[in-house]
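Data first, discussion second: the structure below is written as structure tokens.
Here, each number is a calculation from the coordinates, and none is a lab measurement. Just so we're clear, the structure is a prediction, and the values are computed from it rather than from any experiment. With ideal geometry, Cβ positions are generated from the backbone for all residues, glycine too; neighbour counts draw on all protein chains shown.
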Amino acid sequence: MKVRASAPGKAILFGEHAVVYGKPAIAVAINRKAIITIREGTDDAINVQIPDLDVYGQIDIDNQEICLINNEETSKTPSASSDTSSTSNDLSYDAGILKYIQTALFSDEFKPDHGLDIQVDLEIPIGAGLGSSAAITVATLAAAARYHRQELTLEKLAHMAHQVELEVQGAASPLDTTLSTYGGFIYFTHKEGALKIKPALEMPLVVGYTAEPGNTGMLIERVRKLRQNHPNLIGPLLDTMEKLTNEARDAITSGEEKRVAELMNINQGLLDALGVNTLELSDLIYEARNAGAIGSKITGAGGGGSIIAYCPGKTREVLEKLESVENAFQVSISQKGVTW
Ligand code: PMV
């Protein structure tokens with residue numbers, strides 16, 4: 001028995017962080033996915049391999065403990081201890097992905113009663129603000145549903161995936177899991193969920209990402225503390241982000257290229273004020289603008305991770321520039337969400 005499911009990552013154009021406080025956001029599913037393959041196990045454990053990250057782990061069926069199996073040839077194992085295994089409390093960032101898989105697999109619906117071999121293939125860089133954890137979670141749940149021959153509506157899948165993110169991260173908006181489930185170009189509100197946007201202009205986008213991963217949970221917590229310490233400042237700042245996102249939706253649907261770009265740049269200034277910028281991200285943002293992007297900003301949680309650049313007529317120039325500084329790729333919008 002072998003099943004496979006895949007789900008796309010995402011890039012946020014407007015409204016990250018504000019969306020955690022009930023504000024709207026605009027985001028696209030991207031042409032890069034997480035692919036999960038589940039096979040019947042060769043022993044009693046759940047063996048998970050993520051070859052792209054050199055991460056190999058085992059999840060105990062009875063106590064759900066994650067045990068990382070060190071690969072001597074890799075440095076991507078938890079801290080440089082001489083142990084041959086580690087438990088879930090001291091997982092490195094890469095290996096932290098196992099926590100999403102474990103939580104998704106052991107959700108009430110799909111509790112495994114025999115060993116499984118799970119392979120995770122990643123086209124999305126992790127910790128880059130591109131929704132890798134949501135894509136992995138959605139694809140794992142979809143694959144598990146297929147494996148157990150259970151019906152799962154997209155609505156239920158999106159809901160379950162959000163619960164997994166909440167459990168693992170402590171805080172998360174449903175934005176990432178919604179995009180990984182449904183795909184497309186969306187305006188997201190907490191009240192109405194994902195509303196499809198029909199852009200009246202081309203959206204040539206380039207993502208540049210740093211080697212340094214951003215830790216979403218930590219960054220959400222940082223913003224929460226800032227808001228707590230400065231309620232009179234951060235409250236109105238989040239309100240401004242809401243207005244900005246709503247203006248951006250109008251600008252996108254009425255084809256106002258320059259206005260979209262200006263709003264991206266203003267959004268960047270507000271994200272900087274929230275304390276989620278870094279020197280490396282700033283560098284990429286200004287390199288992109290110097291190479292011809294008319295708008296550029298952090299995408300996702302920040303603190304490392306990625307920027308997104310809007311570059312009508314200058315995609316090649318911006319891509320080449322960002323590639324010369326860090327890593328970059330051109331984004332195309334995936335209209336497809338989860339596939340299983
Ligand atoms: O960096 P990512 O892909 O985890 O995106 C985080 C986006 C936030 O708005 C900061 C958090 C959220 O859950 O929406």
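The table that follows gives values for the structure above.
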read-out	value
Ratio of the Cα radius of gyration of the range 229-282 to 2.2 N^0.38 Å, where N counts its residues	1.26
Square roots of 5 times each gyration tensor eigenvalue, C-alpha, the range 2-195, largest first, Å	28, 19, 14
Cα pair count fraction exceeding 10 Å, expressed as % - the range 191-232	82 percent
Once exposed loop GluC sites (Glu not before Pro) are cut out (DSSP; at most 13 other Cβ, 10 Å), longest piece of the chain	203-340
Cα gyration tensor shape of the range 200-331, rounded if a/c is under 1.5, else prolate or oblate by comparing a/b with b/c	oblate
Tail fraction, Cα-Cα pairs, the chain, threshold 28 Å, whole percent	40 percent
Total lysine pairs whose alpha carbons fall under 20 Å of each other in the range 200-331 (8 or more apart, or interchain)	6
